[in-house]
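K.L.:
Take this structure, written in C-alpha cells, and hold onto it; I'll ask about it next.
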Amino acid sequence: MKQPKVVVLIAFTFLLTASLVQGQTSQTAPTLTSVLANQVKILEKEFVPAAEAMPTDKFNFVPSPSLGEFKESRTFAQEVSHVATANWQFGAAILGEKPPVDTAGPNENGPASLKTKQEIMKYLTDSFAYVDKAIATITSANAVEPISFGNGKSTRLGVASLTAWHGFDHYGQMVIYLRMNGIVPPASRPQPKK
C-alpha cells in the first residue's frame, strides 16, 4: 500500500517541479533596459501620487525658517517642477537631443510660465513619458558610450540611474512637506488586503 502513495507523491512532485520550471523559462529574462525602466517606473508610481496628494491651496507650501534649516528651500510646487525639468533634461541627454519643451527657469525649477498645479502636474507626467521613451532606447551596446551631459560627459546608463536616485532624493523632501501639512503620502498609507 505504501508504494502507490510514494509513486503518486513522486509523480506529483515531478509535475509540480516541471510546471514551475516551465513557468520560469516562459518569463522574459530581465534586460539592462527593463531594469532601468523599472527603477524609473517605481519612482513615477510614488512621485506622481505624492505630488497629486498636496491640495492646490497648499501646492506652494514651504516650511517656515523658524522650523529649522528651510531658508531658501524650494516650495512643494518647485520640488515637483524641478524633478520634471530634470526628467526632460535627462531624457534629452540619453536621446542626444534638445528637450522638446522649455526647461529654462530660475534655480533649475522649470519655466516660470508654470503657475498652476494642473500645469505643473502635466509637465511632470509628460516628463516621465519622455524619460521612459529615452530609457527604452538604452541597450547593452550603447549603455556606456560617452554622451554629452550638462557641461561634461556621462553615459546613458549613468543618466538613467541618476533619473531614479535624483527623483527619490526630492521625493523624500516632498514627503516631509506633505506630513507637515497633515497628509500621509500615498505610498505610506495602509494598503487594502488582497
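Nothing in this text is a laboratory measurement; each read-out follows from the coordinates by a stated rule. Computed from a prediction, not measured in an experiment: that's the story for all the values here. We place every Cβ from the backbone using ideal geometry, glycine too, and count neighbours over all the protein chains shown.
K.L.:
For the range 39-186, what log10 I(q)/I(0) values come out of the Debye formula at q = 0.10, 0.19, 0.22 1/Å, with one point per alpha carbon and no solvent?
P.N.:
Computed log10 I(q)/I(0) values: -0.35, -1.11, -1.38.
K.L.:
Oh, and also: Considering the zone a paramagnetic label at N107 would reach in this model (a point 7 Å from Cα along the Cα-to-Cβ line), which residues of the range 48-77 have amide N under 17 Å from it?
P.N.:
59-77
K.L.:
Using Cα atoms only, what is the angle between the long axis of helix 117-135 and the major principal axis of the chain, expressed in degrees (0 to 90) to the nearest 10?
P.N.:
Computed tilt is about 50 degrees.
K.L.:
Taking neighbour counts of Cβ atoms within 10 Å as a proxy for exposure, in what order, fewest first, do D169, D57 appear?
P.N.:
Final ranking by Cβ density, sparse to dense: D57, D169.
K.L.:
Here is a follow-up. Checking the table K133/K193; K41/K115; K41/K193; K133/K153 against a 30 Å threshold on Cα-Cα, which pairs fail?
P.N.:
K133/K193
K.L.:
Based solely on its DSSP helices, what 222 nm [θ] is calculated for the chain when runs of n ≥ 4 H residues each add -39,500 (n - 2.57) and the sum is averaged over all residues, nearest 500 deg cm²/dmol?
P.N.:
Rounded to the nearest 500, it is -20000 deg cm²/dmol.
K.L.:
While we're here: Using only the alpha-carbon atoms, how far is helix 2-26 inclined from the longest principal axis of the chain? Give it as 0 to 90 degrees, nearest 10.
P.N.:
30 degrees
K.L.:
Figure the gain on full extension for S64 and V184 (residue separation times 0.36 nm, minus the Cα-Cα span) and round it to one decimal in nm.
P.N.:
Additional length available on full extension: 41.2 nm.
K.L.:
Aspartates and glutamates within cross-link reach of K45: Cα-Cα under 20 Å, excluding same-chain residues under 8 positions apart?
P.N.:
E79, E119, D126, D132, D169
K.L.:
On full extension of the chain, what length is gained from K71 through D57, given 0.36 nm per residue of separation minus the C-alpha to C-alpha distance?
P.N.:
2.9 nm is the gain from fully extending K71 to D57.
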